[in-house]
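Report on the following structure.
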Amino acid sequence: MNTYTDDIAVATEWSMKALGLMARHQVVPLPTNYEVWFRYASGQDADLNEEIDNRLKDGKKIDEQVATDLHQRFVSHTSLTDTTLDAGDKLNSEVDKILKLVQSTVGDSTALGSAVREASDGLTNKSSPTDVRRVVEAIVSATVQMENKSKELEKRLHETKGELNTLQTNLTKARNEARTDGLTGVSNRKAFDETLKQEIARATAEKTSLCLVIGDIDHFKAFNDTWGHRTGDQVLRLVASCLKAGVRETDTVARYGGEEFAIIMPGVGTEGAENFANAMREAVQARELVKRSTGETLGRVTMSLGVAMLRAGDSSASLIERSDACLYTAKRSGRNRVVTEAQEVAPKAKAG
């Protein structure tokens, strides 16, 4: 078989394996889900495979929401890579054009200098007016050519500046899209992971406080099962809007996964983070949910939240673990509440 045929055979094998896995785990065959499982079947992304394998080993279901999160974390970033490569190609092309034009202009400048020197060398105190006129005409002609080249270079530089501004805009847009949760508009898990590492490093270096709040929508699965995923999506957007409206510019709101949200709060102690978490919990509970298609009132949504403060030697994983532990305690203690490390944290036992 030739290489093309081999590629088809391999891709077909991965495709069949991906579809089989989706059927076995009852995953809806949506394009984004298929991308995740095709990538898993190919074995080309070790981090994605490890994440899925760990979830399967722990008996956790990979439903549509989890698949969306996995797609954002491990697949969506390829669009940024493609955009970056495209921008790089365009930038190289623009730079190449400018270098050639500059080299041409420098060459013309050298030619002008040579023309002036040669003309000057040809003039003596015995030169006639005709000789002088011929020399002046040669110098003027060379000068005009040089001026035209300079104008062309200036014009091209202005055009290139516009091209570079467009490339910068496209890169910024692609980067923001790659770091944003498509459903809620807050940061996605990938952006959360990156930001938390950066903020931990900064707080450690500057010896400042840092708190992490992780919140979970109470009984979200039951809500989804009763009213459907479209209404569930409406709930997620409602919670995200409340959180975005309540944070400072220095805070980061992220969809941590499924119905969980996380808020990174630099420069805030436990008490301040607890007050914020309670304010957000009350803001969410105060919003009455209405089904858009029918106008039917669906009641109110509540959240449970856990707060942990950065300690010396903490990593992202250890800070997340302690915030999670507080969240689980809030769940077990009756939900619709905030628990901090200052309160007793019982052993983990996740509730819905």
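The table below gives the values:
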read-out	value
Rounded FRET efficiency, nearest 0.05, which uses the C-beta distance separating residue 23 from residue 270 and R0 of 41 Å	0.30
Solvent accessible area, Å² - residue 40, 1.4 Å probe, full protein context	30
From the C-alpha gyration tensor of region 199-335, square roots of 5λ in Å	30, 14, 12
Environment charge at residue 226 (Cβ cut-off 15 Å; Lys +1, Arg +1, Asp -1, Glu -1)	-1
For residue 300, solvent-accessible area (1.4 Å; no DNA, RNA or ligand), Å²	130
Rounded to whole Hz, the Karplus (6.51, -1.76, 1.60) HN-Hα couplings of region 270-279, x for glycine and proline	4, 5, x, 5, 5, 4, 4, 4, 5, 5
Heavy-atom SASA rank of 287, 237, 230, 281 (probe 1.4 Å, accessible area, largest first)	230, 287, 237, 281
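The values are calculated or read from the model by the stated rules, or taken from the named source; none is laboratory data. Source: prediction; values computed, not measured. All Cβ positions, glycine included, derive from the backbone under ideal geometry; neighbour counts span all protein chains shown. Each accessible area value is taken on the protein alone, full model and side chains, heavy atoms only, with ligands, DNA and RNA left out. Shrake-Rupley method; radii C 1.70, N 1.55, O 1.52, S 1.80 Å.
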